[in-house]
Amino acid sequence: MAQVLMKDLNKKYDEVHAVKDVNLHVRDKEFIVLVGPSGCGKSTTLRMVAGLEEITAGEITIGDRVVNDLPPKDRDIAMVFQNYALYPHMTVYDNMAFGLKMRKFPKAEIAKRVGDAAEILGIQELLRRKPRQLSGGQRQRVAVGRAIVRHPQVFLFDEPLSNLDAKLRVQMRVELKRLHDRLETTAIYVTHDQVEAMTLGDRVVVMKDGWIQQVGEPLELYSKPANRFVAGFIGSPAMNFMDVAVTDAGGALWVESNGLRVKVPPVHAGRLGAYRGQHVTLGIRPEDLRVATGADSGDYAFDTVVDVVEPLGSEILLDLKAGDHALVARVEPTVRVKEHEQLRLALQPERLHFFDLKTELSI
Amino acid sequence: MIGSPRARRTATLLVCYGIVGAFMVFFLFPPYWMALTSLKTNQEIESLEGIPLIIQQGATLKHYRDLFTKTDFLVYLKNSVLVTVPTVLVSMVISVMAAYALSRLGFLGAGVIGTGVFLVYLVPDSLLFIPLFKVIGGLGLLNSKWSLLVVYPTAIVPFCTWLLIGYFASIPRELDEAALVDGANHFQMLVRIFLPVAVPGLIAATIFAFTVSWSGFLYPLAFIYSSSEQVLTAGTVTSLIKGDVYHWGGLMAGALLASLPPVLLYAFLMDYYISGLTAGSTKA
Ligand SMILES: Nc1ncnc2c1ncn2[C@@H]1O[C@H](COP(=O)(O)OP(=O)(O)O)[C@@H](O)[C@H]1O
Ligand SMILES: [Mg+2]
C-alpha cells in the first residue's frame, strides 16, 4: 500500500502533447478515477505510472521511491487492461500464477494466493480452462485476479469494463467497489464513463486535452464544477447551457436572453455583479427543472414548448424550446404533456451555475 | 424437387467436389508421374508402345537400388541435412529478433527498414549468384557446402522477417505489457509469452526457411563442384544426367525421395499449427 505522487508530469509524442503539467497526489488506500473524453491523456498518464511509457518531464513517486527510471516489474504495481490481455496459451491458473512465478514465490504460496483470489472472484471452477473458453465477464475476472494475487502497492485499471455489456458492467462495477473496500489497496482507475467515475471514485480527476480540469469528490464535482467543461461532462443528461446577458432592474440582477428571464439568486448576486452589462453562460441541470405550479414565483419560472417526450418509466426526459434555446428537463413520471404543447417550468434558484464566457471558469 | 434447400445443397457440394477433384488431379499428377517412372523398367520408360499412365511390363526397384549403390545419393542427403538444419536455425533466430525489434521497439525509421528488408528479398537469385560467387570465393568457401549456410540466410531472413513483422503486429501489445507489469524482464517476456503466442507465425516462417534451403538449386550448382560436398538437388541432377543421357528412372526416384522430408515436415507442423491460438487473449 502506498501513495502515488505525480509532479509536473508531461508526455510529448512526436506530434501530440498528450499530458500537460499533471500534478496529482493519490493518497494511500484511495480509489482515484481519471475520467475524460477519448484522447484526453488518461491512459498515457496511467501508463507512465506503470512504466510502460517514458516520462517526458516531471516525476512520479510510488510509496517513497521515485520510479521514473524503474522498469514496470520493479514498481510493484499491477494493471488490468481494457482488452484483458490474458496469456492465451496458459490456463487461468497459470495466468494468475505468472506474476508470482516471475517473482520466484514458493509453489505452495502461489497455490494459496491463486486459490484465495479465485474464491474472492468466484472463478474456482475455471482454473483449468484456457482464456478462449471463457466469456467476456469471466475473462475480466481472471484479469482482475491476475492483478490481486500479486498484493501490489497500487492497482492500475485502464477502462477495464468497457468491453462488457451494459448489465455486466454495472455488476462488475459493484464488485470492483466491494473488492477495493476489502483489499484497501491504492487504485488508479481510468474510464471515459462519468457514471463509473462517480460511483467508483473516492475522488475523481476530470481531464481534457491533457490538462487536469478538476480534482474532487464525486458530489463536489457535481455541485461545484470548476468550469463549464466539468459541468457538462459530469451528470447525465448533461447540463443545459445558455448564453445570457446580465442586467440590472428594480435593484436586482437578472440574466436574460430571448425567451428566458431569470432573477439572479442572492447567493450568486455578489460574484455576478462584476458582469453587469456583459454576457455569461448560464447552466441548469435537467434535474433542477420541474413543471411550474401556480405557487411558483415568476422570478424563477419561464415558458417553453415541448419538442420531444422521452418517457423512461422512472422519469420523463423532455426536450424543450425556450425561445432560441434548446434544453432538456428531467421531470416526474406522472407529468402528462404532449409534443408541441406549452409548458411552464420552474427552476431551483440556488442550483444555477454561471460561467465566464471567455475563460469558461465557474463564477 | 429442384430448388429445395436440400437439393441445392447437394448441387453445391457436387460443384465443390468437382473443383477440388480437378485441382487434386492437376497437382498430384507430377508426383504420380514421378512415382510411376521411378518404378518402370528402362525399356518401358523408353518404349513408345502402350499406355504411359500405368505400369504394364512389371514394376522394379532397380532405380532405387542404383540410386543408393551407384550414386552418392546418401552423401547428398547428409549434406542437405547438414546445410538445412543450421540454415533454418540461424535464419529463424535472426528473423525473430529483427522482426521483434522492427515491430515492437518502435525506433526511428523502423517502418522504412521493414520495407527495405522486404525489397532485398525481391532481387532474384539468378542476378545475385555471380557477385555472390566472388564473395564466397573471398571467404574461401568455394566448393564447400558451408557456402550455402552463408548464402541461404540472405534470401530467407528478409522474407521471414517481413512475414513475422506482419504476424507480430497482430499480437496485441497489451500482452507484452501485461507480462512486463507482471514482473517479467524483456527476455522472459519474449520466451514465455510472446513467442509461444507467435507459434503459428513461427511455423509458417520455419516452413518457408526449410523449403528455400532444401530446394535451392542454383547456388549449390554454381558454388559446389565436388560430389562429396554436393546437396540433393544439384547432386541428383549432376550425377544422373551424363551429357545428353538422362537416367529418367533414377532422376525420378531421387526427386521423389528428396521431396519426402518437406512433405513430412508440413504434415508434422500442421498438427501444431492451431489457427486462432490468440483467440481469447483479448476481447471477444
Ligand atoms: N504511442 C503514441 N504515439 C503518438 N501519439 C499517441 C500515442 N499514444 C497516445 N497518443 C496520443 O496521445 C493522446 C492521449 O492519448 P490517450 O492517453 O490514449 O487518451 P485516452 O484519454 O483516451 O486514454 C491522444 O491524442 C493520442 O492520439
Ligand atoms: Mg485510453
- prompt: Simple spin-label model, 7 Å along Cα-to-Cβ: A:Asp356 to A:Asp324 in nm?
  reply: 2.4
- prompt: Under a point-charge model restricted to the Cβ atoms of Lys and Arg (+1) and Asp and Glu (-1), what is the dipole moment magnitude of chain B relative to its Cα centre, in debye to the nearest 20?
  reply: 380
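At a Förster distance of 60 Å, what's the computed FRET efficiency of B:Ala110 paired with A:Val305, Cβ-Cβ distance as r, to 0.05? Don't skip to the end; give the middle numbers.
On the way: r = 60 Å, r/R0 = 1.00.
Efficiency for this residue pair is about 0.50.
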query: Tell me, what is the 1.4 Å probe accessible area of B:Ser170, in Å² to the nearest 10?
result: 70
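About its Cα centre, how strong a charge dipole does chain A have in debye, to the nearest 20, once Lys and Arg get +1 and Asp and Glu get -1 at the Cβ?
Numbers: 48 positive and 49 negative charges, 324 e Å.
It comes to approximately 1560 debye.
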query: So for chain A, taking the charge dipole from beta-carbon charges (+1 Lys/Arg, -1 Asp/Glu), which of A:Leu289, A:Val66, A:Ala18 sits furthest toward the positive end?
result: A:Val66
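For the range B:48-155, which chymotrypsin sites (Phe, Trp or Tyr not before Pro) pass both filters: DSSP loop (anything but H, G, I, E, B) and at most 15 other C-beta atoms within 10 Å? Before the final figure, lay out each step's value.
Working: sites: B:Tyr64, B:Phe68, B:Phe73, B:Tyr76, B:Tyr100, B:Phe107, B:Phe118, B:Tyr121, B:Phe129, B:Phe133, B:Trp146; in loops: B:Phe107.
Answer by residue number: B:Phe107.
Taking the solvent-accessible surface of protein heavy atoms with a 1.4 Å probe, what is the per residue accessible area of chain B in Å²?
Here the residues of chain B average 55 Å² of exposed surface.
Determine the shape class of chain B: with a ≥ b ≥ c the square roots of the Cα gyration tensor eigenvalues, call it rounded for a/c under 1.5, and otherwise prolate if a/b is greater than b/c, oblate otherwise. All intermediate terms of the calculation are to be shown ahead of the outcome.
On the way: a/c = 2.57, a/b = 1.27, b/c = 2.03.
Oblate, because a/c is 1.5 or more while a/b does not exceed b/c.
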query: Among A:Lys338, B:Lys40, A:Lys167, what's the order by accessible area (1.4 angstrom probe), most exposed first?
result: A:Lys167, A:Lys338, B:Lys40
task: Taking chain B as the reference, fit the longest principal axis to its C-alpha atoms, fit the long axis of helix B:110-121 to the helix C-alpha atoms, and give the angle between the two in degrees, 0 to 90, nearest 10.
output: 10
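Evaluate E = 1/(1 + (r/R0)^6) for B:Ser4 and B:Val25, where r is the Cβ-Cβ distance and R0 equals 35 Å; express this FRET efficiency to the nearest 0.05. All intermediate terms of the calculation are to be shown ahead of the outcome.
Values: r = 31 Å, r/R0 = 0.89.
So, using R0 = 35 Å, E works out to roughly 0.65.
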query: Among A:Lys177/A:Lys224; A:Lys73/A:Lys208; A:Lys12/A:Lys208; A:Lys11/A:Lys104, which pairs are too far apart, with a Cα-Cα distance over 27 Å?
result: A:Lys73/A:Lys208; A:Lys11/A:Lys104
- prompt: Helix B:5-39 versus the longest principal axis of chain B: what is the Cα-based angle in degrees, 0 to 90, to the nearest 10?
  reply: 60
query: Of B:Leu13, B:Leu240, B:Leu260, which has the largest mean-square fluctuation in a 10 Å C-alpha GNM of chain B?
result: B:Leu13
- line: Projected onto the charge dipole of chain B (unit charges on the beta-carbon of Lys, Arg, Asp and Glu, signs +1, +1, -1, -1), the Cα from B:Val15, B:Gln57, B:Leu74 with the largest positive-side position is that of B:Val15
field: Lysine pair count for chain B [Cα-Cα under 29 Å; pairs on different chains or 8 or more apart]
entry: 16
message: For chain A, what does the helix formula give at 222 nm: sum of -39500 (n - 2.57) over DSSP H segments with n ≥ 4, over the residue count, nearest 500 deg cm²/dmol?
response: -7500 deg cm²/dmol
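Counting only other chains, what is the mean number of Cβ atoms within 10 angstrom of the Cβ of each residue in peptide A:102-113?
Values: counts 9, 3, 1, 0, 0, 0, 0, 0, 0, 0, 0, 0.
Counting Cβ atoms of other protein chains within 10 Å of each residue's Cβ and averaging gives 1.
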message: Helix A:92-102 against the longest principal axis of chain A: what's the angle in degrees, Cα atoms only, rounded to the nearest 10?
response: 70
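The values are calculated or read from the model by the stated rules, or taken from the named source; none is laboratory data. Note that the structure is predicted; figures quoted are calculated from it, not measured. Counting neighbours? That spans all protein chains shown, and the Cβs are built from the backbone with ideal geometry, glycine included. Side chains included, ligands, DNA and RNA excluded: accessible areas come from the protein's heavy atoms. Shrake-Rupley method; radii C 1.70, N 1.55, O 1.52, S 1.80 Å.
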